[in-house]
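**Q** This structure is in structure tokens; I'll ask about it shortly.
No lab work stands behind these numbers, since they all come straight from the coordinates. Please read all numbers here as calculations on a predicted model, not as lab measurements. Positions of Cβ are generated from backbone atoms using ideal geometry, with glycine treated the same way; all protein chains shown enter the neighbour counts.
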């Protein structure tokens, strides 16, 4: 980090003092960035872990630091490292209010985070700030969409399995939640990383460090991100957006200036003041939110791990998910609004095993004939475990209906798969 001229330093509880460059400071001073102080990250884990109440603003500072370390270990020069830091900053800046929940809400409507950022760069003062730097708006958009150029590869900071954003996320969330599941030696992991065969490669001697990183993600998924109560809260907020999202916040493609002004407090204000003069959808959304605020969350009625590929493919679509929820509700003689179906690998889950494709990673070892390369899934049992066949499917319901729904939900989940010994 000493190679990049710093404009200021920010004290971070995880990484110590983090240096911020001039262009990064100018972006962080924008209202679009300052709103991150009022966006919880992740949205609902504070309801289970009271200390886990940090904002996205702290996360963006950590991501700048970890990305710097990562790009430096990969041999990037000053310009490449600055491009990586800036891209990482912007990828957090593209998050919306109700962070992980908004990500899914927009994605199923065809709006990715990179599309939000492209709109912001082209249509707001963010683009003006970028143009004052050595980079152009076109170059930055290219980095966001295709990855940051480094030697012979493009480092995609959203999809890369050795992921600086995920490293900071795991350490930060574990620290504030007070759990011990994300003890990472990320500097040793990065130091063992090379670019080879146009892929990210890891020294085979550092396999244990890599497996510790993979295990930390899996453990945080099981214990925190897919915790049944955390997900109950997430699903309630997602249902609010499905009911009244267009009334709560302007769609990015309609008014990007207005969209990037919204934070969690904006939603709270609108929903807590929903009244008889509002639409039925907004009134119902306000009702759900008041229950959420009082922590009167939906309740888990049934849970089962299934392997049926056709079923898993079906519920991965909004129409398929709604159809299944309606089918369960009708069988239980309930209104479909009282049934919520959840599954692990969806965008509102902050991280799940398999989110980043491990097939793009290889292990290398130097032998008498030069470098040899090995497939990670074939070498590591931990990596193979990420290709989970079993998916834990859950059915939730609103308070007061759990007894009525439980038997129907359990029978439905049991009917999906034959019992398995796996």
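**Q** Take 114, 87, 165, 403 and order them by how many other Cβ atoms sit within 10 Å, fewest up front. Could the numbers behind the result be given before it?
**A** Working: 114 17, 87 23, 165 20, 403 10.
Result, fewest neighbours first: 403, 114, 165, 87.
**Q** Then there's this: Against the longest principal axis of the chain, how steep is helix 113-123, in degrees 0 to 90 to the nearest 10, with axes from Cα atoms?
**A** 70 degrees
**Q** Relative to the longest principal Cα axis of the chain, at what angle does helix 318-331 sit, 0 to 90 degrees, rounded to 10?
**A** So the inclination is approximately 30 degrees.
**Q** In degrees between 0 and 90, to the nearest 10, how far off the longest principal axis of the chain does helix 78-93 point, with axes built from Cα atoms?
**A** The helix 78-93 is inclined about 10 degrees to the chain.
**Q** Moving on. Fewest to most neighbouring Cβ within 10 Å: what's the order for 59, 273, 227, 15? Walk me through the numbers before you get to the answer.
**A** Values: 59 24, 273 10, 227 20, 15 17.
The most exposed by this proxy come first: 273, 15, 227, 59.
**Q** Further, regarding this structure: Between 378, 410, 122, where does the largest GNM mean-square fluctuation fall for the chain, given springs only between Cα atoms within less than 10 Å?
**A** 378
**Q** What's the FRET efficiency of residue 146 with residue 399 using the Cβ-Cβ distance as r and R₀ = 45 Å, to the nearest 0.05? Write out the running numbers ahead of the final one.
**A** Working: r = 47 Å, r/R0 = 1.04.
Rounded to the nearest 0.05, the efficiency is 0.45.
**Q** Is it possible to state the helix-based mean residue ellipticity at 222 nm for the chain, with each DSSP H run of 4+ residues giving -39500 (n - 2.57), the sum divided by total residues, to the nearest 500 deg cm²/dmol? What is it?
**A** Working: 20 runs with 209 residues, N = 422.
Taken over the chain, the calculation gives -15000 deg cm²/dmol.
**Q** Starting from 0.36 nm per residue, how many nanometres of slack lie between residue 183 and residue 199 once their C-alpha separation is accounted for?
**A** Numbers: separation 16, 0.36 × 16 = 5.76 nm, distance 2.60 nm.
The residue 183-residue 199 span can extend by a further 3.2 nm.
**Q** While we're looking at this one, here's another question. Need one number: nm distance between label points at residue 374 and residue 390, each 7 Å from Cα along Cα→Cβ, rounded to one decimal.
**A** 2.8 nm
**Q** Let me ask you something else. In what order do 254, 128 fall by count of nearby beta-carbon atoms within 10 Å, going from fewest to most?
**A** Numbers: 254 9, 128 12.
Going from least to most buried by this count: 254, 128.
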